[in-house]
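The values are calculated or read from the model by the stated rules, or taken from the named source; none is laboratory data. Keep in mind it's a predicted model, so treat the numbers as computed, not measured. Backbone-built Cβ (ideal geometry, glycine too); neighbour counts: all protein chains shown. We work out accessible area using only protein heavy atoms, side chains counted, and drop any ligands, DNA or RNA first. Shrake-Rupley method; radii C 1.70, N 1.55, O 1.52, S 1.80 Å.
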Amino acid sequence: MTDTTNKTFKRYTVTSALPYANGPIHIGHLAGVYIPADIYVRFLRANRRDVLFIGGSDEHGVPITIRARKEGLTPQQVVDKYHGIIKKSFEELGISFDVYSRTSAPIHHETASAFFKKMYEQGDFIEKYSEQYYDVDAGHFLADRYITGTCPRCGNERAYGDQCENCGSTLSATELINPKSALSGNVPVMKETKHWFLPLDQYEPWLKEWILESHRDDWKTNVYGQCKSWLDSGLQPRAVTRDLDWGVKVPLDGAEGKVLYVWFDAPIGYISATREWSEQTGKDWVPYWKSADTKLVHFIGKDNIVFHCIIFPAMLQAEGTYILPDNVPANEFLNLEGDKISTSRNWAVWLHEYLVDFPGKQDVLRYTLAANAPETKDNDFTWKDFQARNNSELLAIFGNFVNRTLVLTHKYFGGEVPVLGEVNDYDRQTISEIAEFPGRIAASIEAYRFREALNEMMNLARLGNKYLTETEPWKNFATNPEKVKTTLNISLQICANLSIVCEPFLPFTSARLLEMLNTNLEPWAEAGSCTLLQAGHKLNPPAFLFDRIEDEPIAAQVKKLTDTKAENAAENSVIAEQKPEITYDDFTKLDMRTGTIIEAEKVPKTAKLLKLTIDTGIDKRTVVSGIAEHYTPEQVIGQKVVLLANLAPRNLKGIESKGMILMAENKEGKLCFVSPTEAFGNGSEVR
Ligand SMILES: [Zn+2]
């Protein structure tokens, strides 16, 4: 096989991003990482390449410990739960890992620990002391996520030490106003701590040479561009250790209570998984990571580019005995019905739920996600498109062609492959076109253009459909059965070709098709030939490859999402927290009285303000109130109100407002008056 870098490789090590084990897999992960990786790997296997496909769960890091605290579980219980769900759903979707491991496995702790130790002994780290928040009661340094406080940008009182979810700002824990420990609720103190740093700045010249010069032409432009921008803005040393008790322990004396930072240990997980595979199979793992004739490819999403293109390669380079990735075909993001997929907002289509809701339809999801893979820019998944991809493409083109061919063969020739007789120009042209497809599909897959490859695969089904429609065997059988033999022979050869070239994309469909054709999967090298099925070969009875997807299940999925949206809206408008305590003396300073609105008019050139005249029992005074979007002047005249009478006068749009009427506001932002429930004289005190 030729390669885009014109280098020949003896074997392939293909990794896919380790999913974080604090939630299940959704379609965004699949479209960005696992479907493209699986297509690539299946294609390599069809080409009889020596390939190892590695996956596993990323099980360390702070978010898992937070989820564990929230759910009253241990971190191990959390990762056990999600590792199980993730692994099972991948298997059911036909993601064909050679090994699916996990970073809480002992073999990973041992591998990551040894990797760190070797780098440490080589003097690859720098040691730095820094001040970090510490919870005295809990006896713990606090990860950024474990500190909450007021956002310095927007005033949100529940911002985290690394991020404010209200305004989206990235924060550092020291910026938070009124910081509090999430462990005890106490105010944390600053305490000195020691950490090991990878001096990325020292690798900058080498990385510039390796990425910006050597991979200018073969890495995807989105990947190359992101690397360039990181390198252009200059790299800084990065801590590789953390004060935390969940993770791979730092294997040094005096490093108690410290673990490897999750970004350091997770990519080493690929190596650990390979070692686990080696133990299971008895094969040598070393060449897959240390031989120059191995092609290493990382499939990831765009949020992982810096780790796989800059940090992990710097680690591999520093350690000194490993190969570097040949390519990192990272994808952009997949959106869902126009909105960003979000685990915390439950805005996602979860794989394990899909598999229950659409049994036997793994390939429909694989097809839709490959067709919409966000290869060059963010893309969108919609249920309408999913339905259309099934009904108008898989069913109407692929399924229909195969079904017509097999049904006619059974009807006219008792289910035996008829002989190829005399061929006319159209037959000859079709035969030569068939031969072109495998090479075109292969070229697209090798260049990591999976959408293009998928479309080419469907073009072969389109060719078959067109050929059958134009040769009309159902019309010709009565008058020219010999001709029909040739037509159906060629159509069956197209079916056999489809079973090979669709396999990387639609493995379940390929298996069903092979069953109907009563044959085995041939290697990719055989595709393009029109002698895959011999005359006289007995076929099995036809069955449908795809069913129509009706409107009802689609509407049910859309409703599920609409319900999620409504739930999110309700949750977002939470009841405001109680304000800080005040004394009774503070309260008695407020002079609140009943009153009646006797006049009302809109304040010109404003949307919100009404100018009210209120009979307070003491006087008749003007109050400007921001209720014009809720009430018309006519609606409020005669309304009984409670007035904060001794509020200092304020000038609003040139009108002096003396006091404020009290309104209640609900979660949806609706206002209502607060007023006496009986006829009560104006000026009665409220206390
Ligand atoms: Zn904020």
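Here are some notes:
- Most to least accessible of Arg153, Arg389 (protein chains only, probe 1.4 Å): Arg153, Arg389
- The packing ranking of peptides 242-252, 36-46, highest mean first, is 36-46, 242-252, where packing means the average number of other beta carbon atoms within 10 angstrom of each residue.
- Around Tyr261: net Lys/Arg minus Asp/Glu count, Cβ-Cβ under 9 Å: +1
- Cα Rg over Rh - segment 507-547, Kirkwood: 0.98
- Straight-distance crosslink candidates among aspartates and glutamates, where the alpha carbon sits under 20 Å from Lys620 and sequence neighbours closer than 8 are dropped: Asp591, Glu599, Glu601, Glu634, Glu656, Glu685
- Across the options Ala348, Val99, Tyr270, the greatest Cα extent toward the positive end of the charge dipole of the chain (unit charges at beta carbon of Lys, Arg, Asp, Glu) belongs to Ala348.
- CD proxy at 222 nm, helix term only [per DSSP H run n ≥ 4: -39500 (n - 2.57); per residue of the chain; nearest 500]: -11500 deg cm²/dmol
- For segment 237-285, the C-alpha radius of gyration sits at 1.42 times the compact-globule guess of 2.2 N^0.38 Å, with N the residue count.
- Angle in degrees between helix 75-93 and the longest Cα principal axis of the chain, rounded to the nearest 10: 40
- Under 30 Å from the Cα of Lys475 - lysines, other chains or at least 8 residues apart: Lys411, Lys466, Lys483, Lys485, Lys538
- 21 Å tail of the calculated P(r), segment 1-72, as % of Cα pairs: 44
- Computed 3J(HN,Hα) for segment 579-592, one whole-Hz value per residue from the Karplus formula 6.51 cos²θ - 1.76 cosθ + 1.60 where θ = phi - 60°, is 6, x, 4, 10, 8, 4, 4, 4, 5, 5, 5, 7, 9, 10, glycine and proline marked x.
- Around Ile397: net Lys/Arg minus Asp/Glu count, Cβ-Cβ under 13 Å: +3
- Segment 188-264: GluC sites (Glu not before Pro) falling in loop per DSSP and having at most 10 other Cβ within 10 Å: Glu256
- Hull volume in cubic angstrom per residue (convex hull over the Cα atoms of segment 166-232): 176
- Taking other residues whose beta carbon is less than 12 angstrom from the beta carbon of Tyr40, and scoring Lys, Arg as +1 and Asp, Glu as -1, yields +3.
- Counted over segment 340-459 with a bin width of 10 Å, the fraction of Cα pairs per bin, in whole percents, is 10, 28, 32, 19, 8, 2, 0.
- The chain: relative contact order in percent, alpha carbon pairs under 8 Å with at least 6 residues between: 12
- Ordering of 418-424, 368-374 by packing [mean C-beta count within 10 Å, highest first]: 368-374, 418-424
- When the GluC sites (Glu not before Pro) in segment 533-611 are filtered for DSSP coil states and for at most 10 other beta-carbon atoms within 10 Å of their beta-carbon, the remaining sites are Glu550, Glu577, Glu581.
- Relative compactness, segment 520-671, computed as alpha-carbon Rg over 2.2 N^0.38 Å: 2.31
- Quarter of Cα convex hull surface for segment 479-602, i.e. mean projection, nm²: 22.4
- Over segment 118-241: Rg over Rh, Cα atoms, Kirkwood Rh: 1.10
- Under 22 Å from Lys608, Cα to Cα: lysines that are on another chain or at least 8 residues apart: Lys640, Lys653, Lys658, Lys667, Lys670
- At the listed q of 0.16 Å⁻¹, the Debye profile of segment 309-369, built from one uniform point per Cα, gives log10 I(q)/I(0) equal to -0.75.
- Oblate is the label for segment 79-165, because a/c, from the alpha-carbon gyration tensor with a ≥ b ≥ c as root eigenvalues, is 1.5 or above and a/b does not exceed b/c.
- Mean projection area, nm², convex hull over Cα of the chain: 41.5
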